[in-house]
Structure formats: structure tokens, C-alpha cells
Amino acid sequence: MMKTRWIKTTGTIALALVLVTGINAQPRNGRGLGPCGQGYGPRVAGNGPYLEQEYGNRPGPGRWAAERLNFTEEQREEMNALRAEHYKTMKPLRAQMAEFKARERTIMSVEDVDMKALNRVIDDQTSLMNKMKKLQAEHRIETRSLLTEEQQMILDRRGSFGRVPRWKGAGRIRPGGPGRG
């Protein structure tokens, strides 16, 4: 009886240890290193913050563009200047969006939700998001105007303006995965 209990206890502890080790060895379901997000900023290497980003072991959008499009030094400088200008424009808007989201959480946290205030905050968020999207589109067009026709063609073949797809670990369902059909 005592020997059986000892075997069961030891076996349970060993199984728990194996499960914990297996779970901790799995990749996290987070964004990993990415272009945005708190604590998830890109690791920068080389001479340009936009052109030399690394995302884990795979190239990010800036690095892909730098490797495939063969930018001239002048293009690099102009793109970095455009990016810095765009960053200065977007930074206060992102901070304002964070304030709106915090205000929305505050409104939603009370027991009796003020729908007028909530709707006002949601309207503010959507108008700010609309403004940010327009600025992003303008930035892409300005950046694209610096490219030669051949570079634009390579970029068009890449699709999504040179962005690296973030399916793995981005918390999204893969095409053809669960939820289809």
C-alpha cells in the first residue's frame, strides 16, 4: 500500500514536471518583436532605424526593402527623414488615442455606464483613427515617390507595401484554419 502510494506520487510529480517544462518551451502567443506595441519595439541594427530593422530571425519590412530594393544613399537619407517627420506627427496622435482608450475603459468600468459619454469617446477615437490612416497613406505615397520604377515594381510584386506578414504569433487565425467553413 505504501509502495503504491509512493509510485503514484512520484509518477504524478514527474508528469507535472514534464507538462510544465513542455508548456514553458512553447512560443508565447504574443506579437513578439514588431513595429509597434508597448515593450515590443524593433531591434535596430545598422545605419538606419527604418531600413535595418530585425524581427527575431526574419527580416522586417525595412530590412526586406533595404535588401531587395537596393536603395541609393540619397534614398536612404530621404526615407529616414520622411520617417522621422512622420513619427513626430504620429507620436502625439498615438498618445491621444491611448488617452481615449483609457477613458473608454474608465467609462466601461463603472456599474452604470454613461452611454452618451461612451459614444462621444468612441466617436473621438474613430475620427482620430481616420486622421491617422490618412496620414499613414500620405506617408506611404511620399515614400513610394522616392522609388524608381523598377523599385516600385519589385515592391508591388511583394504586396502590402513591403510588409512582412505576421501570421505566426500575432494571435490571428491562419487562412484555412479554424473557423473556416
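Below is a table of values for the structure above.
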{"quantity": "Among the residues listed as Gln26, Gln96, Gln53, the single one being touching a Leu at 6+ places or on another chain (Cβ under 9 Å) and at pLDDT 50 or above", "calculated": "Gln96"}
{"quantity": "Count of residues meeting criterion [within 23 Å of Met79 (Cα to Cα), at pLDDT below 85 and exposed (fewer than 11 other Cβ atoms within 10 Å of the Cβ)] in region 124-181", "calculated": "4"}
{"quantity": "Selection status of Leu19, modelled with pLDDT of 75 or more and among the hydrophobic types (A, V, I, L, M, F, W, C)", "calculated": "yes"}
{"quantity": "Filtered residues of region 100-123 (kept if at pLDDT below 95, surrounded by 11 or more Cβ atoms within 10 Å (Cβ to Cβ) and acidic (Asp, Glu))", "calculated": "Glu104, Asp114"}
{"quantity": "Candidate set: region 128-145, residues that are in contact with a Leu (Cβ under 8 Å, 6 or more places away or on another chain) and not polar (S, T, N, Q); chosen: the one farthest from Arg83 (Cα to Cα)", "calculated": "Leu128"}
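The values are calculated or read from the model by the stated rules, or taken from the named source; none is laboratory data. Quick caveat: nothing in here was measured; it's all calculated off a predicted structure. Cβ: placed from backbone, ideal geometry, glycine included. Neighbour counts: every protein chain shown.
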